Amino acid sequence: MSLESFEKVYNEFNQKLKNREFKEALLLSSQLLDNATNEIDTFYALMGKATALTNLDNNSEVISTYKEIIKKFKNSTDETISKFLIYAYYNKALAYAKEKNFESELKTYNALLEKFIEDISYDTEIVLAKTYINKAICISELKDFKDAQVVYKELVNNFENSKQENVLFHVAQAAYNIALIYGQNEQNKEAIKAYDYLINKFEESSNPRVLEFFAKALVNKAAKIRELNKYNEALDIYNQVIEKFEDSKGELKNQVALALHNKSILLSELQREDELLEVCDSIIEKFSQSKDEMIMNIVASAEVIKDKDRYNNNTF
């Protein structure tokens, strides 16, 4: 069959996918394979087949198809195939993750990185960054968080100078997790250094998703500073979060509430009652209408402190 007729069937196949007619699309993928006239046709047909199978939740066949693609094309010199082959590795790993087959998932991520990490391009950056994130999560399932931390560090080292916002989001995510793991292992000074890296690097970011990690890093750093008995420094950091994000929404708003709450706890410990009551007033004023469970608990805590103060002031 001619290339023109292959393209006609391929367009029909893509329309079936668009219409979510996945069984029909799968049938057409077989027709595509039968009518493929060259290497690139076969590649597109098999990738299409894997996509249809994925949407039909036929995971074992998804894995088999990606195995076939990788075996058939891993040494291809075709530029288009080389550009998109990385997705066969990545999607195969995701299929293993779906089955909780973490050993095979990890093996696939390692194979992907071994093949593609030496030749990073604008097109492959995001897939490689996601691979590092998923590999770290996979290792956490199999081993321990310290091993995952090594993977997060590799991600940061490889992509911290990326110009792509979606890649830098994963850099921020990895940097945050590096600090978090240090904190979980009670390596507070190392955790603070790691939080400082994230804070200094992304302070000027305008990406809301990156700023979520920035705000969390500030709140967590303040908690670690507090554990070192540097109370005023911790208060300054909480104030920085409150001032910078007081008009924000979503997760950033949650971090403002958490910063106010942590500030109130610290002021209570320092017996700075007037400031404590001002913070409680601010919490109640800003967040009393919130339906978020965490924020509702923070508001409730502030109200208890205010009620206690009113009770004490009205006791004869």
Revision key, fill the gap. Whole-Hz Karplus couplings 3J(HN,Hα) for segment 30-43, θ = phi - 60° and coefficients 6.51, -1.76, 1.60, Gly and Pro as x, run 5, 5, 4, 4, 5, 9, 5, 10, 7, 4, 5, 4, 4, 4
Practice item. Specify whether the C-alpha gyration tensor of segment 26-75 places it in the rounded, prolate or oblate class, a ≥ b ≥ c being the square roots of the eigenvalues: rounded for a/c under 1.5, otherwise prolate if a/b is larger than b/c and oblate if not. Key: oblate
Revision key, fill the gap. Taking a crude spin-label model, label points 7 Å out from Cα along the C-beta direction, the E141 to E154 distance in nm is 1.8
Revision key, fill the gap. Relative contact order in percent for segment 1-116 (Cα pairs under 8 Å, 6+ apart) equals 18
Practice item. Provide the packing ranking of 35-48, 118-131, i.e. peptides ordered by the mean count of other C-beta atoms within 10 Å per residue, highest first. Key: 35-48, 118-131
**Study point:** Charge dipole (debye, nearest 20) of segment 76-172; +1 at Cβ of Lys and Arg, -1 at Cβ of Asp and Glu
**Key:** 280
Exercise for review: Using only alpha carbons, build the gyration tensor for segment 155-221 and give me the equivalent ellipsoid semi-axes, biggest first, whole Å.
Suggested key: 20, 12, 9
Point to revise | Cα-based convex hull, segment 22-123, per residue volume (Å³, whole number) | key: 95
Check your understanding: Taking the Cα centre of the chain as origin and charging only Cβ (+1 Lys, Arg; -1 Asp, Glu), how large is the dipole, in debye to the nearest 20?
Key -> 560
Check your understanding: Once you charge only the Cβ atoms, +1 for Lys and Arg and -1 for Asp and Glu, what is the size of the charge dipole of segment 243-316 about its Cα centre, to the nearest 20 debye?
Key -> 160
Point to revise | Residues of segment 63-84 with amide N under 18 Å of a point placed 7 Å along Cα→Cβ from N14 | key: 80-84
Check your understanding: What ³J(HN,Hα) values, in whole Hz, does the Karplus curve 6.51 cos²θ - 1.76 cosθ + 1.60 give for segment 201-206 when θ = phi - 60°, with x put for Gly and Pro?
Key -> 6, 10, 4, 9, 5, 10
Review point. Taking the chain as a Gaussian network, Cα atoms linked when under 10 Å apart, which of I117, I283, I178 shows the biggest mean-square fluctuation?
Key: I117
Review point. Put +1 on the Cβ of every Lys and Arg and -1 on every Asp and Glu Cβ in the chain; which of Y96, A215, V167 then has its Cα farthest towards the positive end of the dipole?
Key: Y96
Review point. To the nearest 500 deg cm²/dmol, what mean residue ellipticity at 222 nm is calculated for the chain from DSSP H runs of n ≥ 4 alone, each contributing -39,500 (n - 2.57), summed and divided by the residues?
Key: -27500 deg cm²/dmol
**Study point:** Per-residue HN-Hα couplings for segment 106-118 [Karplus 6.51, -1.76, 1.60; θ = phi - 60°; Hz; x = Gly/Pro]
**Key:** 4, 4, 5, 4, 4, 5, 4, 5, 4, 7, 10, 6, 7
Check your understanding: Can you give the Rg to Rh ratio of the chain, both from alpha-carbon atoms, with Rh computed by the Kirkwood formula?
Key -> 1.13
Practice item. Just grab the label-to-label distance for K100 and E269, each label 7 Å out from Cα along the Cβ direction, in nm (one decimal). Key: 3.9
Check your understanding: With the dipole of the chain worked out from charges on the C-beta (+1 for Lys and Arg, -1 for Asp and Glu) around the Cα centre, which of V62, Y176, V151 lies farthest toward the positive end?
Key -> V62
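Bear in mind these aren't lab numbers, they're just calculated from the coordinates by the rules spelled out. If you're wondering where the values come from, they're calculated on a predicted model, not measured in any experiment. Cβ coordinates were reconstructed from backbone atoms using ideal geometry, including for glycine residues, and neighbour counts include every protein chain displayed.
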